[in-house]
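The structure appears right after this line, and notes come after that.
What follows draws every value from the coordinates through simple rules; no lab data is involved. Quick caveat, the model's predicted, so the values are computed rather than measured. We place every Cβ from the backbone using ideal geometry, glycine too, and count neighbours over all the protein chains shown.
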Amino acid sequence: MKIKRRKFLQFAITLPALGYLTEGIEPQKQNETQSEEVEKLIELVNLRHKVKFTDEQLKMLKEEIESNIRRRERLLNLKLSNWDEPDFKFQV
Amino acid sequence: MSDKDIAFASIRQLASLIKSKKISPVELTKIYLERLKKYGEKLGAVVTITEELALNQAKRAEKEIMAGKYRGLLHGIPFGVKDLLATKGIPTTWGAEPYRNQVFDYDATVVKKLYNAGAILVAKLAMVELAGGMGYDDADASFTGPGRTPWNLNYWSGGSSSGSGAAVSAGLVAFAIGSETSGSILTPSAFCGITGLRPTYGLVSRFGAMALSWTLDKLGPMCRSADDCGIVLSAIAGYDPKDETTVQKEFKYTRKSLPQRKLKIAVIKGATEKAQPEVRKNFEESLKVISEFAELEYDVEFPDYPWGMVVSTIVDAEGASAFYDLILSGKVSELRNKRDKVGGYSMIQVSAVEYLNAMRLRKKMRKALEEFLSKYDAIVAPTRATVSYPIGIDFDKAYPGSGGPPLIPAGNAAGVPAICVPNGFGQNNLPTSIQFMGRSFSEKTLIQIANAYQDRTDWHLRRPPIDS
């Protein structure tokens, strides 16, 4: 199946936002949301890269994605002020 | 001196033998070439033995020295480099099958500087594929197979500068160059019982080195003593217009130097709480030695920040960008380690916002660590909480429950230097190690501390049982 670029972008663009939407959701629903996100992200890998993963590889990919989601939740919950700049400077 | 004694001699000793014409660079090169051929494969430590180049360089060095043109302590000294440094006309494989036939037509700045110092390249040394950027989870993570520590061949040499660690430890080279993004000089140095120095970010040019993470990667010496690390760092440090992250600073080190006053060293609280008993015991013994020349402040709290999380986010984002083409091509499936074959697909999903937030946090964390380090001449902790991992077992299953304070991710996130030295042995006759970390550009102080420690101990002089 050929991936339609627009369809792919519409699908992909919704994904990073999910992390922000979990705040205030009860734990069980949050777990369901998270596992749904993991499934979607694996689907995205399949859709985009067309890789034939073995069961063991799929298990590892799932672990990697779950771990990234947990890290993202923690990372984006750490407080930063509007004016906190990243640790690099743009120079001309 | 026997050939074996020569193979394990320090750079300063070898330089003295060469300068006084008791051994020629050609003879010395042949000793190391023979050992590389004999033990390199057994240790999984070597990718390419550069015999022809080495003998030509050795002959040139010999001619120059005989003619009275002595370039300095590295003249005629054979060395190896981690196989992520470009060397003109010689394969540079990055430890990975997809790059096995890659050849550059230029030399990395570090290699060029060592050539200019008269040093002789004898080998390109094995490494964890792509410097471990894809998230490997066991020792079998290089197209040359797992690296083995010369102290016990059933155990890993550490990564990602695996071959550099094993080759120095087994006397296959006089010194080696490694790279560190987060632990890749210190870990193999610890697991192989050698001395490794991670320089301040920006002190050593990375031009010609494989990039995994532009804001974290550093190159540094891996040697058999702190004094040797000083000699090598002195040759490779300095500004390079080809690497715009380098700073206008020199590092000069010719004479072995010791602390000029009683230094203040902080002992990190909880440093051995989750360490193996032998690591704890050796650390406590080391503190007794250090207290002979430094004032120790105990139970100092290490700044509490999410060091590991920030570093892993940065490595994932920058690594996925650096290896974007490889991931998209699907050639990650040719990598050796089982987790490396899939890791890239999750790394590529790290968003720009995550990366930027990690970099925003990093700035605050770096400042906090610099402020903390400014109160001391150095801080001390075990380099690793355990001895080396057994080959064939996933890392997380080897020593469950062990761990230590996050000095390695913290030091790398902040770009500050550290030196590690062997300090005894633990389970299965495997070496243990301690590290000293200091503020930016405090390499000389760290080397002086390590020199003072090594003057009082002989762990760095012990030889692995590989020859017996």
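Some notes on this structure:
- Label zone at B:K363 (point 7 Å along Cα-to-Cβ), backbone N below 20 Å, the stretch B:297-323: B:305-315, B:317-318
- Fraction of C-alpha pairs exceeding 12 angstrom in the stretch B:338-388: 77 percent, rounded to a whole number.
- Sites matching trypsin sites (Lys or Arg not before Pro) across the stretch B:13-49 that sit in DSSP coil, with at most 13 neighbouring C-beta atoms within 10 Å: B:K21, B:K22
- Counting, for every residue in B:343-352, the Cβ atoms of other protein chains within 10 Å of its Cβ and taking the mean gives 6.
- Size of the stretch B:260-304 as Cα extents on the principal axes (Å, biggest first): 34, 26, 12
- Proximal aspartates and glutamates relative to B:K249, as straight alpha-carbon distance under 15 Å, when same-chain residues fewer than 8 apart are discounted: B:D240, B:E443
- Principal axes of the stretch B:210-250: Cα extent on each, largest first, Å: 29, 23, 12
- A:E36 versus B:S2: modelled label distance in nm, points set 7 Å from Cα along the beta carbon direction: 7.2 nm
- Eigenvalues of the alpha-carbon gyration tensor of the stretch B:407-468, scaled by 5 and square-rooted, set the equivalent ellipsoid semi-axes at 26, 15, 9 angstrom, largest first.
- Peptides B:381-388, A:82-89, ordered by how many other C-beta atoms sit within 10 Å of their residues on average, highest first, read B:381-388, A:82-89.
- Modelled FRET efficiency - R0 22 Å, A:S67 with B:S321, Cβ distances, 0.05 increments: 0.65
- Treating each Cα of the stretch B:46-100 as an identical point scatterer and summing with the Debye formula, the log10 of I(q)/I(0) at q = 0.17, 0.20, 0.25 Å⁻¹ comes to -0.64, -0.79, -1.00.
- Across every pair of non-identical alpha carbons in chain B, the mean reciprocal distance, once inverted, gives a Kirkwood radius of 21.8 Å.
- Pairs of Cα atoms nearer than 8 Å and 6+ residues apart set the relative contact order; for the stretch B:41-132 it is 40 percent.
- Here's how it looks for B:F175: its modeled amide H is under 5 Å from those of B:G80, which are all 5 or more places away or on a different chain.
- Averaging the sequence gap over all C-alpha pairs within less than 8 Å and six or more residues apart, then dividing by the number of residues, gives chain B a relative contact order of 18 percent.
- Dipole orientation for chain B: of the candidates B:I194, B:S182, B:L43, B:I194 has the Cα lying most toward the positive pole (charges on Cβ; Lys, Arg +1; Asp, Glu -1).
- With 10 Å bins from 0: P(r) over the stretch B:264-383, alpha-carbon pairs, percent: 12, 28, 23, 23, 13, 1
- Per-residue ellipticity at 222 nm from helix content only, as computed over chain B with -39500 (n - 2.57) for each DSSP H run of at least four residues, stands at -11000 deg cm²/dmol.
- Treating each Cα of the stretch B:165-218 as one equal point scatterer and applying the Debye formula with no solvent, the log10 of I(q)/I(0) at q = 0.27, 0.31 Å⁻¹ comes out as -1.08, -1.22.
- At 1.567 mPa s and 4 °C, Stokes D of the stretch B:1-142 from Kirkwood alpha-carbon radius, µm² per second: 82 µm²/s
- Paramagnetic label reach from B:R60 (point 7 Å along Cα→Cβ; backbone nitrogen cut-off under 17 Å): within the stretch B:100-119, residues B:105-119.
- Cβ-Cβ FRET estimate between B:E250 and A:R48, R0 fixed at 45 Å, reported to 0.05: 0.40
- Average beta carbon contacts from partner chains per residue of B:353-361, 10 Å cutoff: 6
- Diagonalising the gyration tensor over the Cα atoms of the stretch B:140-290 and scaling each eigenvalue by 5 before taking the square root yields semi-axes of 25, 23, 16 Å, largest first.
- For the stretch B:360-468, Kirkwood radius (reciprocal of mean inverse C-alpha pair distance, Å): 15.7 Å
- The spread of Cα positions in the protein assembly as shown, taken along each principal axis and listed from longest to shortest, comes to 75, 53, 52 Å.
- With a Förster radius of 30 Å applied to the C-beta separation of B:S20 and B:N116, the computed FRET efficiency comes to 0.85.
- Candidate lysines - alpha carbon under 25 Å from B:K262, same-chain residues fewer than 8 apart omitted: B:K252, B:K281, B:K288, B:K375, B:K444
- Put simply, the convex hull of the Cα atoms in the stretch B:85-155 casts, on average, a shadow of 5.9 nm².
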